[in-house]
1. When DSSP assigns beta bridges and you keep just the ones with both residues in the stretch 2-133, what percent turn out antiparallel, to the nearest 5?
2. For GLN16 and SER82 in the same chain, what is the full-extension length gain: residue separation times 0.36 nm, less their Cα-Cα distance, in nm?
3. So who's got an amide H within less than 5 Å of the one on CYS127, skipping anything under 5 residues away but keeping other chains? H placed 1.01 Å off N, in plane.
4. Hey, what do the phi angles of the stretch 72-84 turn into as Karplus ³J(HN,Hα) couplings, whole Hz, using 6.51/-1.76/1.60 and θ = phi - 60°, x for Gly and Pro?
5. Using amide H atoms built in the peptide plane, which far-off residues or other-chain residues are under 5 Å from TYR8 H to H?
6. Considering only PRO54, PRO4, LEU21, whose Cα is most displaced toward the positive end of the charge dipole of the stretch 2-133, charges sitting on Cβ of Lys, Arg (+1) and Asp, Glu (-1)?
7. Work out, step by step, the length gained on full extension between ASP140 and LEU67: first 0.36 nm times the residue separation, then minus their alpha carbon distance; give nm to one decimal.
8. Arranged from highest to lowest average of other beta-carbon atoms within 10 Å per residue, in what order do the peptides 11-17, 105-111, 87-93, 39-45 appear?
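Please treat every number below as a calculation from the coordinates, not as lab data. Owing to the predicted nature of the structure, the values given are computational and were not obtained by experimental measurement. Backbone-built Cβ (ideal geometry, glycine too); neighbour counts: all protein chains shown.
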Amino acid sequence: MLKPVNLYSLVALGSQYVVVLEEIDGPRLIPIWIGPAEGNSIAMHLNHMTLPRPMTHDLIVNLLAKLNAKISKVVITKLKESTFYASIFVNCQGETEEIDARPSDSIAIALRCSAPLFVDEELFQQCEPLLKPISREELDEFKTKLTDLKPEDIYKDLKKQPPDP
């Protein structure tokens, strides 16, 4: 089963980057280490920077457009021996082709095409669980609950008898 994801963050760590994908309808995150070229390419796109000549990911998007091909989705498919794998699904002339690709390139291209990103559920289960931090809305809701909290609400459970073992 495929789980839709968004780009959660891109972090530069020395000469490498970590791209973090977030499960859209769930609490999980997946960090993927990527190289500096791909990290810079993603960062430039996120910051709306353009160069006078197309970078490799821009060139690929331009080629697809000239060929009347469209990326329908990108899927981060598996993790094998500490290496992530991905597939780019391209629609061309009524046919869909699955193309093996590195996740870093796949994400850079998907962002430029506004193509949806997915992670295979088995991959989520295979990775160490990493959960999203609390959202601003959750924090505000918690603060509201604290404001409405009465002292007896805190201690009411202490008066209950413990369950029998």
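1. Among the beta bridges of the stretch 2-133, antiparallel pairing accounts for roughly 90 percent.
2. Length difference between fully extended and current span is 22.2 nm.
3. Amide H to amide H, under 5 Å and 5 or more residues apart or across chains, CYS127 pairs with nothing.
4. 8, 5, 10, 10, 7, 9, 7, 10, 9, 6, 6, 10, 7
5. Residues meeting the criterion, in which the H sits 1.01 Å from N, are VAL20, LEU21, GLU22.
6. Comparing the listed Cα positions along the dipole, PRO54 ranks first.
7. Full extension of this stretch gives 21.4 nm more.
8. Descending packing order for the listed peptides: 105-111, 39-45, 87-93, 11-17.
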